[in-house]
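Asks: One structure, as structure tokens, below. Some questions next.
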Amino acid sequence: MALHRDSIPQINGGVFLDYAGMETDIIFSKGMELPGFASYPLLESEDGRKMLAEYMRAFIEVSRSHGAGVIIESPTWLANRDRAAPLGYSPKDLAALNRQAIALVSKVRSEAGDLPTIICGIIGPRDDAYAPTEQMTAKEAEAYHAEQVNVLAETEADIIGGYTVAYPAEAIGMVQAIKKTGMPAMISFTVETNGRLPTGETVGEAIEQVDAATDGFASYFMINCAHPDHFVDILSDEPWMQRLRGVMANASRCSHAELDEATELDDGDPVELGQQLAEIHGNHSQISILGGCCGTDMRHLNQIAKSAITN
């Protein structure tokens, strides 16, 4: 059963680690192909499920060793209708895989013990997260994402999170779809090297638009898939900042366009990344969910936890 759905502890203080860098590590470090950058097809094989579980166990152990809470993201970021169709998956296939993903995370949590360990059912963008060619209205986004959201709401997930969101209307639709299930909701925006969303809005503007349209239903907001250098200058003392509770940073300073063209992994400097996120946490204490996105692995998470908790 869901352990933390009624009261998600990551908004009540203490450092929580979060991780969404698995796909780049699998592709570049393990030399495996992930068509469409999707990790959920790994659920279809014993070896794939074993690999996913090993990532989760390693992540839990990093968190445990530093006395941090942990948020485990399900491998369902791109397990939605339009992103899965080119890979040959039907809506029925996707529903089964979304359920299998949460079941795997729940099994790992039950074996490892609760730190607390939060299970986040991930949903991702309908279009390219970095350069969406078409933008939905909020109503269209709600109808589209409800298909995956409704499946995840029937699992043991504690919260549903929309990741790498590029524009406010899609975020609004995601939150509205989650709200109808009664599940807690979280939205994580991605930003370009100028600290703005790919569609031009500031993070503050995007958060305010989502809150205004959804009566502030989202439990919190985050930034992911950007290097700290890309967004540290936008962090301020304005009221919207109290809604920003987490950052999951890329290891690389490259732009999204450059990362899309990369043939080698840019894993940056794990120690420096840890220090940068610890400084953000120190300057903005409400930002207590810290983690890695593209190009990161357990080295980076160790340094993030070590620096943030020590400081």
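No lab work stands behind these numbers, since they all come straight from the coordinates. The structure displayed is predicted, hence computed values, not measured ones. Quick reminder, even Gly has a Cβ in these numbers, built from the backbone with ideal geometry, and neighbours come from all protein chains shown.
Asks: Kirkwood hydrodynamic radius for the stretch 176-279: how many Å is it when counted over pairs of different Cα atoms?
Replies: 14.8
Asks: Residue by residue through the stretch 271-286, which ³J(HN,Hα) values in whole Hz follow from phi under the Karplus form 6.51 cos²θ - 1.76 cosθ + 1.60 (θ = phi - 60°), with glycine and proline marked x?
Replies: Rounded to whole hertz, the list is 5, 4, 4, x, 5, 5, 5, 5, 5, 4, 4, x, 7, 9, 4, 5.
Asks: Follow-up question, since we're still on this one. Report, in deg cm²/dmol and to the nearest 500, the calculated mean residue ellipticity at 222 nm for the chain, where each DSSP H run with n ≥ 4 adds -39500 (n - 2.57) and the sum is divided by the residue count.
Replies: Calculated from helices alone, the mean residue ellipticity at 222 nm is -12500 deg cm²/dmol.
Asks: State the dimensionless ratio Rg/Rh of the stretch 61-220 (Rg: radius of gyration of Cα atoms; Rh: Kirkwood radius).
Replies: My calculation puts Rg/Rh at 0.98.
Asks: Quick one: 3J(HN,Hα) in Hz for the stretch 229-243, Karplus 6.51/-1.76/1.60 with θ = phi - 60°, rounded, Gly and Pro as x.
Replies: Each residue of the stretch 229-243 in turn: 4, 7, 10, 4, 6, 8, 6, 9, 10, 5, x, 4, 4, 5, 8 Hz.
Asks: Projecting each Cα onto the charge dipole of the stretch 150-295 (Lys/Arg +1, Asp/Glu -1 at the beta carbon, about the Cα centre), which of GLY268, ALA213, THR193 comes out farthest on the positive side?
Replies: Final value for the positive-end residue is ALA213.
Asks: A further question follows. Connecting C-alpha atoms closer than 10 Å in a GNM of the chain, tell me which of ALA171, ALA95, ALA58 has the biggest fluctuation.
Replies: ALA58
Asks: Over the C-alpha atoms of the stretch 114-165, what are the Rg and the largest Cα-to-Cα span, Dmax, in Å?
Replies: 13.0, 41
Asks: Largest first and in whole Å, give the semi-axes of the chain's equivalent ellipsoid, each being the square root of 5 times a Cα gyration tensor eigenvalue.
Replies: 24, 23, 20
Asks: Here is a further query. Rounded to the nearest 20 Debye, what is the dipole magnitude of the stretch 30-153 about its Cα centre when Lys and Arg each give +1 and Asp and Glu each give -1 at the C-beta?
Replies: The calculated dipole for the stretch 30-153 is roughly 320 debye.
Asks: What does the charge dipole of the chain about its Cα centre add up to, to the nearest 20 debye, if the Cβ of each Lys and Arg holds +1 and the Cβ of each Asp and Glu holds -1?
Replies: For this selection, approximately 1000 debye.
Asks: Same structure again: May I ask you to list the lysines whose Cα is less than 17 Å away from that of LYS50, ignoring any residue fewer than eight positions away on the same chain?
Replies: LYS50 reaches LYS30, LYS107.
Asks: Something else: Rounded to the nearest angstrom and ordered from largest down, what semi-axes does the equivalent ellipsoid of the stretch 67-155 get from its C-alpha gyration tensor (root of 5λ)?
Replies: 27, 15, 11
Asks: Straight-line reach from LYS139: which lysines have Cα under 29 Å away, leaving out those fewer than 8 places along the same chain?
Replies: LYS92, LYS179, LYS180
Asks: Considering Cα pairs under 8 angstrom that are at least six residues apart, work out the relative contact order of the chain and quote it in whole percent.
Replies: 20
Asks: Follow-up. Kindly work out what percent of the DSSP beta bridges joining two residues of the chain are antiparallel, to the nearest 5.
Replies: The answer is about 5 percent antiparallel.
Asks: In Å and from the alpha-carbon atoms only, list the Rg and Dmax of the stretch 174-233.
Replies: Rg and Dmax of the stretch 174-233, Cα atoms, are 12.3, 37 Å.
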